């Protein structure tokens with residue numbers, strides 16, 4: 001077995017069996033299970049699903065009360081008595097509230113809810129939706145339309161399709177762009193979480209080997225290049241192992257929980273996404289993992305103590321935070337100049353370019369250009385790391401990072 005294989009399997013197995021890795025994975029699996037099972041679990045602790053009883057007192061003179069039809073969440077009782085008599089029903093627990101209807105000066109609906117205690121947020125929002133719909137129907141009725149015709153107008157929907165004048169291809173619809181925007185946000189979040197977690201893991205491992213002087217023994221039997229490659233490969237394998245486990249668990253939970261409702265939802269979402277978007281997003285994610293792992297290995301080799309790892313990776317963490325915040329701002333408008341600029345920067349392109357691919361009508365050549373820039377940056381960083389690592393792993397100088405970098409360059413010659 002080669003020296004690379006020995007170092008790789010030793011690093012990978014030790015991290016895979018580590019309590020911190022197992023506990024983190026279990027916590028993530030429990031979080032996934034809680035997300036998928038939340039509707040069922042929350043129903044256990046919620047009160048009985050009895051519809052809210054609302055007494056409607058219509059003082060509009062336009063028969064606006066007839067526009068309120070009972071549903072599964074609210075039961076309307078059309079009351080012909082006075083407001084005081086309706087209030088008595090509430091006090092006697094026969095109703096949850098009184099909906100008093102009047103007309104405003106411009107013949108619009110004016111509604112007031114009278115109750116013994118304040119309504120819950122969900123009930124209040126549902127009732128507001130009923131009032132809003134009734135107000136729209138009343139205005140349409142004033143135009144001498146029937147209720148059925150009004151409902152047809154309110155339920156009518158149209159999709160705006162794009163057709164490029166100078167091309168036979170069509171642009172994406174707004175729903176496709178919105179779906180891709182949310183998926184891209186998830187990809188940006190995955191990249192951010194990976195970089196923050198595994199950047200610290202590989203930096204801490206290399207710093208711990210230097211702190212305990214084990215690094216000198218390893219380097220005497222294997223070249224620095226083999227040690228670097230084995231550590232980077234082990235961390236990448238660990239990250240992909242955890243990613244596969246979490247994705248597999250999410251798919252299983254989506255298929256079996258809530259009678260397959262989430263599975264159908266996921267299938268519908270991904271059916272609206274083009275295959276090239278998924279392939280390019282996966283490539284950006286993999287290259288981002290390689291980039292940040294290499295950066296973490298180089299930064300870990302510069303420090304001599306594990307306690308100094310946080311300070312060394314802090315600049316990279318700031319870059320990640322900036323890229324993630326730009327990705328959040330780009331969800332509303334992915335065509336801004338700021339998003340376009342950061343989609344070509346290697347350290348942030350994996351967060352921003354998938355969003356531009358799915359949520360805009362840009363040319364694919366821009367995505368391939370960004371991908372090439374990221375791949376070229378990884379190759380340059382890899383070649384630099386192989387040379388720089390030879391001197392940095394044997395650097396034990398105390399002082400600033402700049403001083404350690406100078407000494408590492410001098411030792412690597």
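A few points about this structure:
- Rounded to the nearest 0.05, the FRET efficiency derived from the C-beta distance between residue 208 and residue 122 at R0 = 30 Å is 0.05.
- Applying 1/(1 + (r/R0)^6) with R0 = 51 Å to the Cβ-Cβ distance of residue 267 and residue 85 gives a FRET efficiency near 0.45.
- Peptides ranked, highest mean first, by Cβ atoms within 10 Å: ranges 64-72, 12-20, 235-243, 349-357: 349-357, 235-243, 64-72, 12-20
- Calculated FRET efficiency for the pair residue 331/residue 92, C-beta based, R₀ 60 Å, to 0.05: 0.75
- Computed over the stretch 322-391, the percent of Cα pairs more than 21 Å apart is 31.
- Where the Cα pairs of the stretch 52-153 fall when distances are cut into 10 Å bins, in %: 15, 48, 31, 6, 0
- Computed label-point distance, nm, for sites residue 311 and residue 4 using a 7 Å Cα→Cβ extension: 3.5
- Beta bridge orientation in the stretch 52-153: antiparallel %, DSSP, nearest 5: 35
- Residue separation of residue 155 and residue 245 scaled by 0.36 nm, minus their Cα-Cα distance, works out to 28.1 nm of gained length.
- Distance between the stretch 114-137 and the stretch 227-269 - C-alpha centres, whole angstrom: 41
- Prolate/oblate/rounded call for the stretch 246-356, Cα gyration tensor, a/c under 1.5 rounded: oblate
- Of the peptides 51-61, 309-319, the order by per-residue mean of other Cβ atoms within 10 Å, starting with the highest, comes out as 51-61, 309-319.
- You can think of it this way: the chain between residue 106 and residue 322 has 72.8 nm of extra reach, that is 0.36 nm per residue less the Cα-Cα gap.
No value in this document is a laboratory result; all are computed from the given coordinates. These figures come from a predicted structure and were not determined experimentally. We place every Cβ from the backbone using ideal geometry, glycine too, and count neighbours over all the protein chains shown.
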